[in-house]
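Here the structure comes first, spelled out in structure tokens, and everything after it is commentary.
FYI, it's all coordinate maths here, none of it is from the lab. Quick caveat, the model's predicted, so the values are computed rather than measured. Reconstructed Cβ throughout: ideal geometry from the backbone, glycine too, with neighbour counts over all protein chains shown.
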Amino acid sequence: MSNLLKYDVIYIMDPNASTEEAAAISAKVEQIVADHKGTVLKKDDWGKRRLAYLVQKHREGHYIFFHLQISTETVAEITRNLRLMEKVIKFQVVKDTISHLKAKVKPVRVKAPAPEGVHAPKTAGPRPSTPAPTSSPAPAAPATPAAPPTANP
């Protein structure tokens, strides 16, 4: 038998499928994994969600997620079975390449206080405002004295 690799299997079922049909499909996937000496690492039922676009005239779908440790032959068998099931409207099998990697934690940088007599560099603060140069200044309008209001007789 070949090496067991980790895969993520996500399939979307018809939103009108009954819970018995949903249980039968997930039991079939688990049975295929068990027959090929694989392992179900995680199973999640994500429930009904709105689809980004219409899939087989459905606006919503029932999502099921599996994280499996299986061989490549098992992937082909799962794919074949999901393709034949009428209640599965879409599915995806993806090789998990990053689950074994650990997140690199960067140490927190602490700013050390400046020694005596040494000034810390200036931080960017508010700049003094200077008028922006214009390409052609507009001529100023001549000042005219205000005329006194006249009364209409």
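For region 34-50, 3J(HN,Hα) computed residue by residue from phi via the Karplus equation (6.51, -1.76, 1.60; θ = phi - 60°) reads 5, 4, 9, 6, x, 9, 8, 7, 7, 9, 10, 9, 7, x, 7, 9, 6 Hz, glycine and proline entered as x. Remark on F91: its backbone amide H falls under 5 Å from those of I12, a criterion applied only to residues 5 or more positions apart or on other chains, H modelled at 1.01 Å from N. Measuring against 31 Å, Cα to Cα, the residue pairs K37/K106; K48/K106; K28/K57; K42/K90; K37/K104; K6/K104 contain K37/K106; K48/K106; K37/K104 as the ones spanning a longer distance. In this simple spin-label model, placing a label point 7 Å from the Cα along the Cα-to-Cβ direction at both K43 and E30 gives a separation of 0.3 nm.
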